[in-house]
Amino acid sequence: MPLLLSKPLFSLFLHSKPPFSMAHFSNLSTNSTQKARLRGVVFDMDGTLTIPAIDFTAMYKAVLGDDEYRRIKAENPSGIDILHQIEDWSPEKQRKAYETIADYERQGLDRLEIMPGAAQLCGLLDLKKLRRGLITRNVKTAVDLFQTRFGITFSPALSREFCPYKPDPAPLLHICSAWEIQPSEVIMIGDSLKDDVACGKRAGAFTCLLDQTGRYDSPEYADVEFKPDFKVTSLTQVYSLLEANFDLTP
Ligand SMILES: [Mg+2]
């Protein structure tokens, strides 16, 4: 008689109390020593691999106007999706909005700095032969500039030109298929709950939220639809988190 497996195929064993918080246990189980195999890491760029250099609040106000900004912000406490907000605007209004967004992004590029721990983390992932990808809602020129300036490359690196963009799972699914691995063998790391965590969870990947200031501990984020599997306050915590929770065998 065939044996019926009642245990979830996907189970992880948490060895010890890690220095990072386990935000969510949906994919995790403590009754097995088997760790999930991790074969790829996908990063967000702005605010994750780079220090936030874009004043998003100022950008949103410049695009929407103060009153409209306040109204939309009240309706979307977890964050405004500016590209979505302008989707239905007239071509002329939309063109102006994109110009304003591009201006803010250009200013951000001038002040671009790499996130502490990013280069070291990428080096450690390379040692384990883990694939590194990138998904951003920023433009391709910004990705190119980041990769050249800091000498770290990601493949594939998908920018806003790849549609639909985050939080749609399409870019992450595209990367998984390019890598010929399952989304369940990938972790998405980013600083946005509404874009990075939502994209990762929708695709069926693990997710890690980078929350440097603890802003997502606020009660307004308690009932969000997609919660991260892991939460860190610095990229320097990520590698030990991966080692503790995943099988990193190349
Ligand atoms: Mg970001």
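When the range 205-250 is filtered for residues that are more than 25 Å from Ile51 (Cα to Cα), surrounded by fewer than 18 Cβ atoms within 10 Å (Cβ to Cβ) and in contact with a strand residue (DSSP E or B) (Cβ under 9 Å, 6 or more places away or on another chain), the ones remaining, listed by number, are Asp247, Thr249. Of everything listed in (1) farther than 19 Å from Pro116 by Cβ; (2) in a loop (DSSP other than H, G, I, E, B), the single unmet condition for Ile175 is (2).
Against the conditions (1) over 12 Å from the mean Cα position of the chain (by Cα); (2) within 30 Å of Ala74 (Cβ to Cβ), Cys176 satisfies every one except (2). Could you tell me whether Leu112 is within 22 Å of Leu172 (Cβ to Cβ) and either within 16 Å of the ligand (Cβ to nearest atom) or assigned by TED's automatic domain parsing to the domain that holds Thr236 (or both)? Taking the combined requirement at face value, the residue does not satisfy it.
Select from the range 40-56 the residues that are assigned to a strand (DSSP E or B) and near the ligand (Cβ under 9 Å from one of its atoms) and write down the one among them that is farthest from the chain's Cα centre (by Cα). I'd like the intermediate steps shown before the answer.
Pass one, the range 40-56, residues assigned to a strand (DSSP E or B): 40-43, 46, 50.
If we keep only those that are near the ligand (Cβ under 9 Å from one of its atoms) too, we end up with 46, 50.
On the way: Asp46: 9, Thr50: 12 Å.
The extreme case among them is Thr50.
Would you please name the residue that is farthest from the chain's Cα centre (by Cα), looking only at residues in the range 84-111 that are crowded, with 17+ Cβ neighbours inside 10 Å and among the hydrophobic types (A, V, I, L, M, F, W, C)? Ranking the qualifying residues of the range 84-111, first place goes to Ala97.
Per-residue answers, yes or no, for (1) assigned to a helix (DSSP H, G or I); (2) within 16 Å of the ligand (Cβ to nearest atom):
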position	(1), (2)
Ile72	yes, no
Ile80	no, yes
Ala97	yes, no
Gln107	yes, no
Leu124	yes, no
Asn138	no, yes
Ala142	yes, yes
Thr153	no, no
Pro164	no, no
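Residues that are β-branched (Val, Ile, Thr), crowded, with 16+ Cβ neighbours inside 10 Å and within 24 Å of Glu225 (Cβ to Cβ) occur in the range 44-53; there is at least one.
Yes/no matrix, rows are residues, columns are (1) touching a Lys or Arg at 6+ places or on another chain (Cβ under 6 Å); (2) within 25 Å of Asp81 (Cβ to Cβ); (3) within 16 Å of the ligand (Cβ to nearest atom); (4) modelled with pLDDT of 95 or more:
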site	(1), (2), (3), (4)
Glu185	yes, no, no, yes
Ala198	no, yes, yes, yes
Arg202	no, yes, no, yes
Phe206	no, yes, no, yes
Glu225	no, yes, no, no
Phe246	yes, no, no, yes
Pro250	yes, no, no, no
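Among the residues in the range 68-79, are any loosely packed, with under 11 Cβ neighbours inside 10 Å, under 21 Å from Ala198 (Cβ atoms), not β-branched (Val, Ile, Thr) and not assigned by TED's automatic domain parsing to the domain that holds Thr213? Within the range 68-79 (the criterion being loosely packed, with under 11 Cβ neighbours inside 10 Å, under 21 Å from Ala198 (Cβ atoms), not β-branched (Val, Ile, Thr) and not assigned by TED's automatic domain parsing to the domain that holds Thr213), the answer is yes, since at least one residue qualifies. Only one of the listed residues (Ser218, Ser234) is free of Cβ contacts under 8 Å to residues at least 60 places away in the same chain and assigned by TED's automatic domain parsing to the domain that holds Lys128. That residue is Ser218.
For the range 208-222, how many residues meet the condition of being in a loop (DSSP other than H, G, I, E, B) and either among the aliphatic types (A, V, I, L, M) or within 16 Å of the ligand (Cβ to nearest atom) (or both)? Steps first, please.
We begin by selecting, within the range 208-222, every residue in a loop (DSSP other than H, G, I, E, B); these are 211-214, 218, 222.
From what is left, the residues that are either among the aliphatic types (A, V, I, L, M) or within 16 Å of the ligand (Cβ to nearest atom) (or both) are 211-213, 222.
Result for the range 208-222: 4.
Considering only residues in the range 120-176 that are of a type in the set (Gly, Ala, Ser), closer than 28 Å to Asp247 by Cα and touching a residue at least 12 places away in the same chain (Cβ under 8 Å), the one that is surrounded by the fewest Cβ atoms within 10 Å (Cβ to Cβ) turns out to be Ser155.
The values are calculated or read from the model by the stated rules, or taken from the named source; none is laboratory data. Keep in mind it's a predicted model, so treat the numbers as computed, not measured. Cβ sites come from the backbone with ideal geometry, for glycine too, and all protein chains shown count toward neighbours.
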